[in-house]
Amino acid sequence: MELVEKINLLKKERNAVILAHNYQLPEIQDIADYVGDSLGLSIQASQTNADVIVFCGVYFMAETAKILSPGKTVLIPDKNAGCPMADMITAEELRELKAQHPKAKALCYVNTTAAVKAECDICCTSGNAEKIVREAFREEDEIIFVPDQYLANYIAKRVGREFILWKGFCPSHVKIMPEDIARERTRHPNAEVLVHPECPVGITSVADRVLSTEGMCRYVKESETREFIIGTEIGILHRMRKENPGKVFYPASERATCPNMKLTTLEKVLWSLEEMRFEVTVPADIMQKAQTCLQRMIDYKP
Ligand code: 13P
Ligand code: SF4
């Protein structure tokens, strides 16, 4: 029997659902029940009726699914699939930062550990960060925004306020250079440039649009434009090409890959369902607080 057939059979038997991030390998996207960005995946995880969630993404995303669906079994096919940005701030470091700014409210990007979320008032993704900052805080609030300095700087500019920030970054997005954008624009003068807000300011400032991964997928479908230069992790090109056969997509840089997102393979997904591993758990003392932080975000409807 084919690998994919075996996965589908076992998925039925276990009453499991497969959630995959837009950066996953093409074959993983193709077997998933839902492919999306961090926000969409969080919403799916909080609403599914399945008993088991097989999460094809990175660890903080699986942890988020567990926090939002504590009664379900959440599996990650490769437990080494971490997010280096999420690991750039610990709960201890955040507590120290909060102690230096005792009046500040804490906002975390979803790319954080559950322990960091438990220390924060509210969470955001790249898809709703601007909305959360505009609607969840008062003008006079001091805001600590961790861990992505580039997302924080981009949103600061959009909303016209300053944040107390952390110097975290995404190692994959910083590989996209201004000269990459310039070169691709010269090669494809009719293309629109879409980039992710995790890119440094030298990139977001020259792009035509700055969008989350799901925002990009939606935009390219609805736009009249036929050609796009995509400034984010290159796994997303599979979905864009599949959903828009008449359009052309160029990566801003082939170097923008996230090795952790590529650790999930079909073999590991099958093994994960067979062995019911690796189960993602969150310590009880962190669970409740992290859930409050995430649920506050989910309650701000997109
Ligand atoms: P999105 O929420 O836009 O999918 O981004 C997640 C991520 O990890 C980007 O690097
Ligand atoms: Fe983390 Fe960057 Fe990979 Fe996204 S692309 S999961 S932010 S390392």
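Report yes if some residue within the range 138-147 is within 14 Å of ligand 1 (Cβ to nearest atom), assigned to a loop (DSSP other than H, G, I, E, B), in contact with a strand residue (DSSP E or B) (Cβ under 7 Å, 6 or more places away or on another chain) and closer than 21 Å to Leu194 by Cβ; otherwise report no. Walk me through how you get there before you give the answer.
First, the residues of the range 138-147 that are within 14 Å of ligand 1 (Cβ to nearest atom): 147.
Those left that are additionally assigned to a loop (DSSP other than H, G, I, E, B): 147.
Among the residues that remain, those that are also in contact with a strand residue (DSSP E or B) (Cβ under 7 Å, 6 or more places away or on another chain) are: 147.
Filter once more, keeping what is closer than 21 Å to Leu194 by Cβ: none.
No, because not a single residue in the range 138-147 is within 14 Å of ligand 1 (Cβ to nearest atom), assigned to a loop (DSSP other than H, G, I, E, B), in contact with a strand residue (DSSP E or B) (Cβ under 7 Å, 6 or more places away or on another chain) and closer than 21 Å to Leu194 by Cβ.
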Out of (1) surrounded by fewer than 24 Cβ atoms within 10 Å (Cβ to Cβ); (2) under 19 Å from the mean Cα position of the chain (by Cα), the odd one out for Glu96 is which?
(2)
Scanning the range 17-28 residue by residue, the ones that are more than 13 Å from ligand 1 (Cβ to nearest atom) and out of contact with any Asp or Glu (no Cβ under 7 Å at 6 or more places or on another chain) total 4
Just for helices (runs of 4 or more DSSP H) wholly inside the range 1-94: which have at least 1 residues that are under 20 Å from Ser126 (Cα atoms), of a type in the set (Gly, Ala, Ser) and modelled with pLDDT of 95 or more?
59-68
As an exercise: evaluate Asp285 against (1) modelled with pLDDT of 95 or more; (2) open to solvent by 10 Å² or more (accessible area, probe 1.4 Å) and give the number of the one condition it does not meet.
(1)
Out of all the residues in the range 65-93, which are open to solvent by less than 10 Å² (accessible area, probe 1.4 Å) and within 15 Å of ligand 2 (Cβ to nearest atom)?
Ala65, Ile76, Ala81, Met85, Ala86, Ile89
Would you check if Ile53 is crowded, with 17+ Cβ neighbours inside 10 Å and more than 16 Å from ligand 2 (Cβ to nearest atom)?
yes
List the residue pairs whose Cβ atoms are under 6 Å apart, where the first residue sits in the range 162-176 and is closer than 15 Å to Gln100 by Cβ, the second is open to solvent by 30 Å² or more (accessible area, probe 1.4 Å) and away from ligand 1 (no atom under 12 Å from the Cβ), and the two are 6 or more positions apart or on different chains.
Ile164/His101
Reported set for the range 123-137 where residues are surrounded by fewer than 22 Cβ atoms within 10 Å (Cβ to Cβ) and not in a loop (DSSP other than H, G, I, E, B) is Glu130, Lys131, Ile132, Arg134, Glu135, Ala136
Please go through the range 31-48 and give me each residue that is open to solvent by 50 Å² or more (accessible area, probe 1.4 Å), more than 15 Å from ligand 1 (Cβ to nearest atom) and in contact (Cβ under 8 Å) with a residue 12 or more places away in the chain, ordered by number.
Asp33
Checked against (1) away from ligand 1 (no atom under 16 Å from the Cβ); (2) surrounded by fewer than 24 Cβ atoms within 10 Å (Cβ to Cβ); (3) more than 22 Å from Leu25 (Cα to Cα); (4) touching a residue at least 24 places away in the same chain (Cβ under 8 Å), Cys120 satisfies every condition except (2)
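The values are calculated or read from the model by the stated rules, or taken from the named source; none is laboratory data. Quick caveat, the model's predicted, so the values are computed rather than measured. Reconstructed Cβ throughout: ideal geometry from the backbone, glycine too, with neighbour counts over all protein chains shown. Side chains included, ligands, DNA and RNA excluded: accessible areas come from the protein's heavy atoms. Shrake-Rupley method; radii C 1.70, N 1.55, O 1.52, S 1.80 Å.
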